[in-house]
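Provided herewith is a single structure, encoded as structure tokens, for subsequent inquiry.
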Amino acid sequence: ATDTPDIAASGIMNISQNQCRVILRKVSDSYAPLSGARFRIFRTDQTEVTDGQPTYAATDTIPEGKNVGDRKGYYESSASGVYFVGVLPAGVYYLKETKAPSGVAVSNEGKVFMLRVSTDGTTTLTD
């Protein structure tokens, strides 16, 4: 076995061992927190980041085919605007806003953003 991944066979890979704590927030143009926005986070290989996604509770309306404890399949911004707190390896990720918060003048629903997590923990979000 070899310690070097076969990039030609595997495609682009994020093999960084640098783990960075990341907090993502949804805010308005005036930096006021926005709640109710929903996001999905993807790696460059199109696999989804699911760590920390909310799960269905017994008190939720649970869609057919889902059970209590199953992941909801999205992150949702809270009253503080926070929708993700977790550890990500340094690299590039894509965020897709799947539901805009109610009452926003300009919706980013369906828009995809690029998130770059640097080895020093710096994050950059661009569209």
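The values are calculated or read from the model by the stated rules, or taken from the named source; none is laboratory data. All of these numbers come straight from a predicted model, not from anything done at the bench. As a convention, Cβ positions derive from the backbone with ideal geometry for all residues, glycine included, and neighbour counts pool all protein chains shown. Heavy atoms of the whole protein, side chains included, go into the accessibility calculation; ligands, DNA and RNA do not. Shrake-Rupley method; radii C 1.70, N 1.55, O 1.52, S 1.80 Å.
Run the numbers for Thr122 and Thr98: contour at 0.36 nm per residue of separation, minus the present Cα-Cα distance, in nm.
Full extension of this stretch gives 6.2 nm more.
So, one more: Taking 7 Å along the Cα-to-C-beta vector as the label spot, tell me the Ala105-Phe42 distance in nanometres, rounded to one decimal.
According to this spin-label approximation, the distance is 3.1 nm.
Along its three principal axes, how long is segment 33-127 when you only count alpha carbons? Whole Å, largest extent first please.
40, 32, 23
Below 8 Å between Cα atoms, with a sequence gap of 6+, how large is the relative contact order for the chain in percent?
Over the chain, the number comes to 30 percent.
Subtracting the Cα-Cα distance from 0.36 nm times the residue separation, let me have the gained length for Thr61 to Ser78 in nm, one decimal.
In short, 4.3 nm is gained.
Keeping every protein chain present and rolling a 1.4 Å probe, give me the accessible area per residue for segment 53-121 in Å².
Ligands and nucleic acids excluded, the figure is 56 Å² per residue.
OK, next. If you roll a 1.4 Å probe over segment 45-127 with all protein chains in place, what percent of the accessible area is carbon or sulfur?
Percent of accessible area from carbon and sulfur atoms in segment 45-127: 49.
Further question on the same structure: So which aspartates and glutamates pass the test for Lys72, namely a Cα distance under 20 Å, with those fewer than 8 places away in the same chain ruled out?
Glu48, Asp51, Asp60, Glu64, Glu97, Glu109
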